[in-house]
Structure formats: structure tokens, C-alpha cells
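Working notes, beginning with the structure itself.
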Amino acid sequence: MKRSFTLAPYLVWMAIFIVVPMFLVVYYAFTVTTPEGASFSLANFSRFFEPIYLRVLWRSLYMALLSTAVCLVLGYPAALIMVGNAFERKHVLLLLFVVPMWMNFLLRTYAWLTILERNGFLNFLLGKLNLPTLNILYTNSAVILGMVYNFLPFMVLPIYSVLRKIDPGVIEAAADLGANPFRVFTKVILPLSLPGVVSGITMVFMPALTTFVISRLLGGGQFTLIGNLIEQQFLVVGDWGFGSAISVVMIILILLSMAIMSFFEGEGREATLW
């Protein structure tokens, strides 16, 4: 009885802020309003699978996957550096990843506008170095850059946390048995760090797939991602049914990606134990 009483606030919180909103989204997704009243329909979902909206989905998936891959390529070596002893200022490097997260997400994105604009800091610096200036603002490159900048800490920190827990004795034992550094990395460090890699990929891919602020500011409205499409349906068009249907599809995609990542995480753990 006492345990149920202590759980009551959390259950009420989940019901109000998770269950009820999810129910409303699903309700609107399967509902079409007609002069006769609301009725159950799959029209919102069939509309989403029209070619124009599928192109938005493919573009969003492509940019989310690309930004996730870039974050992994940059984040894994950074986590290795912060865990190793070769770099004396590794705590400063960790702080540089954490401090930007204390700043508002919107402000961080706005900062890149002043850096990437035609007369911004980047082109000013390139001009001082007698190098050709760049014009990447309002392009795919600017959106990818904004995604990588904002979501890179979510890749680095899980990998760093897992790498820190690896027993140095395991690495030393592999080296004593004749494994070169490459085999130590591929056979010991990488398999043991897979849970952190999977967590990082999940934590970067999901917000990158549904972001709308980065694409709106750094993309300049030149193209639409799935997050922008959902925002437009709720705030501009007022078509809550279609916006909810897109949200349901995105929830399913995210759950599938999480299931796939969990499967590979489990496979990695089994291989490591074996």
C-alpha cells in the first residue's frame, strides 16, 4: 500500500503528460471531421504516402542518417582521447562538449547564423587568410553542420561513459597476449563500447529526424523536413488530423529504430561475453 502511494505522483504525471497527449494524437490521426461530425478514417495516413510527402520523409531520413554518421566519426575518437592518458587536457575537452548544452538550443542555432552568413565570422577569417569565402548558409550543408554541432555531445558522452568503465587490465591482457593496437581496438575496445555507440546513435538520430528549428533557421525555408511539416500542420494550416498522422508515423519509425539498435546492442554484448 505504501509503495502504491509513493508511485501515485509519477503515475499521475505520466497519465497527464504522456498517456493523454499520445491518446489525443492517435485520436486525431484516425479521425476526419465532416459536416456530419467526426468519423474514423485512414485518409490522413493515405495522404501522407503521396509522393510529395514521401520525398520530405526520405530527405529527413537522409539528413538524419548523415548527421548521425558524422557525429559518430567525430565523437568516437573524441571519446577515446578523453578516456586515454595521452592528452593532458582531456577534462577541458569534456567541458567544451558539456558547456554549450547549458545554453538554450535556439540561441546556439542562432549563433551559427552570424558565423555562416556572407559577412560572418567564418568568411571574415577566410578573407584574412586570403582564402576563398564560403556561401553555405541556407543549404543542406548548413543544416547538417547545425545538427552535428547541437547533437554531437549526445554521441560523445554515452561513448565516453562506457569507455571509462572498461577495465584497463583487459586491454593490458590483450596486449600481453600479442595483440597489436589495431586488434586490441577491434577485438576488445570496440565490442565493449558498443552499448555506448548504440545509445549515442539513438540519441542523435531521433532528434535529428524530427528537428524543425535547425532546418528553418539554417536552411532558410529552402526545403522542408518532416519536423517542419508537422509544425506547419499544427501551427499554420490547422490540420491537426494530418499532423497527428505524420507524428504517429514518426513514432513508429523511431520505435523501430530503437528496436533495431537494441538488437545490435544485445548482439554486441553476447559476442563480448562469448
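The values are calculated or read from the model by the stated rules, or taken from the named source; none is laboratory data. A quick note: this is a predicted structure, and the numbers were derived from the prediction, not measured. Quick reminder, even Gly has a Cβ in these numbers, built from the backbone with ideal geometry, and neighbours come from all protein chains shown. Surface accessibility is based on the protein's heavy atoms, side chains included, excluding ligands, DNA and RNA. Shrake-Rupley method; radii C 1.70, N 1.55, O 1.52, S 1.80 Å.
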Any hit, region 149-159, residues being open to solvent by 30 Å² or more (accessible area, probe 1.4 Å), under 14 Å from Leu217 (Cβ atoms) and out of contact with any helix residue (DSSP H, G or I) (no Cβ under 6 Å at 6 or more places or on another chain): yes
Somewhere in region 21-37, is a residue open to solvent by 90 Å² or more (accessible area, probe 1.4 Å), part of a loop (DSSP other than H, G, I, E, B) and either in contact (Cβ under 8 Å) with a residue 12 or more places away in the chain or under 27 Å from Gly227 (Cα atoms) (or both)? no
Flag for Ile81 being in contact with a Leu (Cβ under 8 Å, 6 or more places away or on another chain) and closer than 30 Å to Val162 by Cα: yes
Only one of (1) over 27 Å from Ser193 (Cβ atoms); (2) open to solvent by 30 Å² or more (accessible area, probe 1.4 Å); (3) part of a helix (DSSP H, G or I); (4) not aromatic (Phe, Trp, Tyr) fails for Arg118. Which number is that? (3)
Failed condition for Leu54, given (1) open to solvent by 50 Å² or more (accessible area, probe 1.4 Å); (2) part of a helix (DSSP H, G or I); (3) free of Cβ contacts under 8 Å to residues at least 12 places away in the same chain, with all others met? (1)
Just checking, which of Leu163, Leu137, Leu209, Leu192 is touching a residue at least 40 places away in the same chain (Cβ under 8 Å), more than 28 Å from Trp58 (Cα to Cα) and open to solvent by less than 30 Å² (accessible area, probe 1.4 Å)? Leu163
Filter region 190-241 down to the residues that are under 30 Å from Val32 (Cβ atoms) and in contact with an Asp or Glu (Cβ under 7 Å, 6 or more places away or on another chain) and list them by number. Phe212, Gln233
Among the numbered conditions (1) among the small types (Gly, Ala, Ser); (2) surrounded by 16 or more Cβ atoms within 10 Å (Cβ to Cβ); (3) free of Cβ contacts under 8 Å to residues at least 60 places away in the same chain, tell me where Ala175 comes up short. (2)
Of the conditions (1) assigned to a helix (DSSP H, G or I); (2) within 23 Å of the chain's Cα centre (by Cα); (3) not polar (S, T, N, Q), the single one that Ile136 does not satisfy is (1)
If I go through region 66-115 residue by residue, how many of them are surrounded by fewer than 16 Cβ atoms within 10 Å (Cβ to Cβ), part of a helix (DSSP H, G or I) and among the aromatic types (Phe, Trp, Tyr)? 3
Exactly one of Leu194, Leu253, Leu217 is farther than 21 Å from Ile159 by Cα, part of a helix (DSSP H, G or I) and touching a helix residue (DSSP H, G or I) at 6+ places or on another chain (Cβ under 6 Å), and that residue is Leu217
Only one of Leu66, Leu145, Leu107 is without any contact (Cβ under 8 Å) to a residue 40 or more places away in the chain and either of a type in the set (A, V, I, L, M) or closer than 21 Å to Val213 by Cβ (or both), namely Leu107
